1. Summing -39500 (n - 2.57) over the DSSP H runs of n ≥ 4 in the chain and dividing by its residue number, what mean residue ellipticity at 222 nm do you reach, to the nearest 500 deg cm²/dmol?
2. Please name whichever of LEU368, SER739, THR15 sits farthest to the positive end of the charge dipole of the chain, dipole taken about the Cα centre and charges placed at Cβ: Lys and Arg +1, Asp and Glu -1.
3. With N set to the number of residues, divide the alpha-carbon radius of gyration of the chain by 2.2 N^0.38 Å and report two decimals.
4. For segment 541-635, which trypsin sites (Lys or Arg not before Pro) are both in a DSSP coil and crowded by at most 13 other Cβ atoms within 10 Å?
5. Fully extended, how many nm does the chain gain between SER632 and THR267 (0.36 nm per residue separation, minus their Cα-Cα distance)?
6. Among the aspartates and glutamates, which fall within straight-line cross-link reach of LYS574, defined as a Cα-Cα distance under 13 Å, with same-chain neighbours fewer than 8 residues apart omitted?
7. Calculate the length of the line joining the C-alpha centroid of segment 412-432 to that of segment 613-687, in whole Å.
8. How much FRET efficiency would the formula 1/(1 + (r/R0)^6) give for GLU457 and ALA607, where r is the Cβ-Cβ distance and R0 is 51 Å, rounded to 0.05?
Amino acid sequence: MRIRLHWILLLIFSTAASIFLLTLVEVRTQRRGLGRELQRRAEGLAGYFQDRLDPLMLPQRQPALSEEIQRLGNREDLLGLAVYDDQGNHLAVTSWLEPRLARLPAAVVQATAENGGRGQFLSLDGQSIYLFAVPLHHGASVTGALAMVYDASYIQADILHTWHSAFWMVLVVIPLVLLLAWAVYRVYFIRPLARTAHWMRELRKRPLAPRPPPSPVGDPLRPLAEEAARLAQTLHEARAAASLEARLRASGLSLWTAERLRVHVQTCLEDSRLFVISNREPYIHSATGRGIAVSVPASGLVTALEPILRACDGTWIAQGTGSADRQTVDAWDRLRVPPDDPHYTLRRVWLSGEENEGYYFGFANEGLWPLCHIAHARPLFRGADWEHYQEVNRKFARVALQEMAGAEAPCVLVQDYHFALLPRLIKQHRPDARVAIFWHIPWPNPQAFGICPWQRELLDGLLGADLIGFHIRSHCNYFLETVDAALESRIDWDRSAVNRGGQRTLVRPYPISVEFPEPMMPAPTDERGDTVERATLFQNLGVNSIFLGLGVDRLDYTKGILERLAAIERFLEKYPVYRQQFTFIQIGAPSRTRIGRYRDLIEEVQAEAARINRRFQTSQWRPIVLLLREHSRAEIEPYYKHADVCLVTALHDGMNLVAKEFIAARDDEQGMLILSRFTGAARELPEALIVNPYDTESLADALRQALEMDPDERRTRMQNLRRIVRERNVFRWAGSLISDLAELRPAAHPAGSEPAASLSRADAS
Ligand code: ADQ
């Protein structure tokens with residue numbers, strides 16, 4: 001790329017013009033400053049001269065005046081003096097001045113008229129002079145004026161000198177500016193563009209996308225680089241998807257992929273519109289120091305549901321929780337997402353602090369969560385929380401019905417235990433809608449669920465759905481048994497369905513999973529994009545160890561973290577050879593910390609880890625490292641990759657995605673999973689070491705077994721586990737859920753049944 005001539009001329013012209021303007025200002029200031037200096041000198045002398053001349057301003061003293069003027073004017077710093085009468089006539093003038101001062105100077109006229117000192121610059125015979133005139137008096141009246149004349153040619157010389165300097169400055173500065181502009185041009189434009197061009201060439205040639213060249217903050221080409229990186233990412237994904245599809249076809253494997261899910265959804269749903277409702281939103285906008293940042297919460301749900309919503313341009317309704325969420329929606333609380341590549345609509349619902357406290361922290365997480373998890377935490381059922389839970393479900397129903405207005409036979413996919421009442425509320429007003437709810441947590445046995453004072457209302461709400469999904473068959477069976485015990489209904493055990501009040505609800509297992517990275521996907525990298533080595537992980541934590549044990553959890557009392565720590569303590573007691581050799585890293589994201597039980601858990605975990613560390617640690621080694629904060633997926637990935645053993649010891653868990661994420665990350669077919677038998681995942685992953693987390697002794701033994709397992713056996717187990725997770729990936733979960741939902745035959749849409757009159761609080765926001 002060549003710099004065009006007119007850019008060079010423009011630079012030269014603007015540099016010269018800037019220097020000219022600056023010099024002009026400087027010259028003016030200089031002239032004013034020197035003038036003031038002269039005036040000050042003249043004023044200093046004037047008083048003395050006036051005292052001498054005032055008495056001589058009488059006609060009879062004319063000779064004395066001339067004599068005095070010659071005497072006073074005989075000073076080195078003066079060119080001359082002249083005295084005028086009040087009519088402007090010469091009375092006396094020094095000899096040098098006499099031939100030159102033909103005209104009456106304006107300063108003299110002003111000084112006489114205004115009875116004050118006045119100065120002016122003049123040119124006498126080509127010489128620059130400064131003339132300062134002061135009035136002369138007789139008594140109080142002005143009788144004339146004295147003009148004091150100074151040589152001012154040095155001021156002109158100074159100004160000329162300044163202009164000379166400016167000229168030289170132009171000659172020196174212009175090449176420097178051109179040089180600088182050229183350097184900036186090369187560093188900020190030519191080189192990044194060349195790097196980008198090289199990167200794009202590589203991108204075209206190689207199947208694995210290299211990382212885009214870094215573009216520093218403030219780089220003018222950064223927006224362009226970011227767009228190019230996004231374009232490349234899309235290209236890479238499309239290429240990877242096409243290549244994956246081709247490979248699968250060639251190998252005869254029938255795997256679910258994002259692309260297959262997209263096509264499947266388009267075929268299933270045809271013209272039906274899809275609405276997903278969840279408490280958590282897929283994109284959160286937060287105010288940061290530098291503007292608004294968007295983030296995707298750490299959850300597999302977005303990965304699973306986004307291809308579906310993209311395929312049919314659906315609507316995702318969720319609570320807006322980000323600090324800048326309100327700033328980013330339109331007048332109807334909607335925005336198009338993903339922000340980079342909009343394909344579907346996110347409709348945000350706003351909840352007050354009080355609503356959130358009662359519905360989310362109260363009823364959902366202090367009531368339903370412990371009710372459904374048999375983890376020996378007592379559920380708390382407060383009337384006020386229940387009220388909020390009902391009201392928030394009604395609020396979401398109003399919003400959903402608004403969004404569904406005009407949509408023929410819409411499909412609605414409700415997520416989780418926050419919205420047990422929603423299926424009924426929607427179905428009442430839109431019987432033509434096909435409504436499914438997926439319950440992400442376990443369903444307990446009927447006796448356990450029966451302690452809930454509002455079990456009938458919750459069951460009735462859920463049975464408004466045409467389809468209820470759980471992770472595993474036993475949760476479905478417990479649900480059917482609970483309905484059987486609590487409500488008047490007919491259970492169709494063969495088809496796993498509930499018939500009640502003329503409505504039929506299917507109850508099916510859909511084991512949720514994770515995305516399984518295929519070989520053409522880029523290797524896991526840290527935040528900066530470097531692949532991380534195992535030694536670096538230990539080094540960064542200041543630990544010198546050989547074996548790495550890993551736990552990754554939300555800090556929840558159902559996850560069995562304390563039981564895990566107890567087993568590690570027992571393991572080190574029982575097998576001391578592992579002291580200074582084995583370190584367990586617990587990555588734990590604080591969660592629901594407004595609830596006391598969760599805050600207590602963090603303290604208990606920290607106290608236990610500290611106690612065990614004190615017992616065994618040396619100067620270079622600790623048995624337990626706690627990393628208690630939310631980590632990005634890229635940060636967690638290296639730990640999954642390098643762990644010798646991953647411990648999933650939940651006391652009760654619907655599925656547990658960490659178990660599957662660990663397996664999906666192990667493309668080296670190494671590492672061993674210790675998995676609680678009380679997780680849904682244990683049903684699908686029998687080749688993990690299945691344990692009872694309450695049995696400390698056998699958990700400690702399982703840890704040893706995992707570390708000492710014959711490498712061939714370990715590899716074979718991991719290969720089998722990976723085959724299962726690969727086949728039953730998250731796209732299969734979403735695909736089968738959506739197939740079953742689309743196959744449902746809903747009732748006809750009754751005319752005029754929307755929007756929901758019985759739900760209405762004037763607005764839904
Ligand atoms: P959760 O109880 O949240 O989910 P889980 O399935 O284990 O439990 O998923 C946790 C997710 O959070 C994983 O993707 C994990 O990587 C991530 N995570 C854990 N610790 C983290 C940290 N420190 N920083 C960032 N991310 C972290 C509920 C049910 C489960 C069910 C899922 C999906 O309780 O049984 O499997 O929904 O249906």
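1. Calculated from helices alone, the mean residue ellipticity at 222 nm is -14500 deg cm²/dmol.
2. In the chain, that residue is SER739.
3. Working: Rg = 44.0 Å, N = 765, 2.2 N^0.38 = 27.4 Å.
Scaled against compact globular proteins, the figure is 1.60.
4. Details: sites: ARG554, LYS559, ARG564, ARG570, LYS574, ARG579, ARG592, ARG594, ARG597, ARG599, ARG611, ARG614, ARG615, ARG629, ARG633; in loops: ARG579, ARG592, ARG594, ARG629.
Those satisfying the criteria are ARG594, ARG629.
5. Numbers: separation 365, 0.36 × 365 = 131.40 nm, distance 3.47 nm.
Using 0.36 nm per residue and subtracting the Cα-Cα distance, I get 127.9 nm.
6. LYS574 reaches GLU697, ASP701.
7. The distance from the Cα centre of segment 412-432 to that of segment 613-687 comes to 35 Å.
8. Values: r = 40 Å, r/R0 = 0.79.
Result of the calculation: an efficiency of 0.80.
Every read-out reported here was derived from the displayed coordinates using simple, explicitly stated rules and does not represent laboratory data. This structure is a prediction, so every number in the text was calculated from the model and none was measured. Ideal geometry is used to build each Cβ from the backbone, glycine not excepted, and the neighbour counts take in all protein chains shown.
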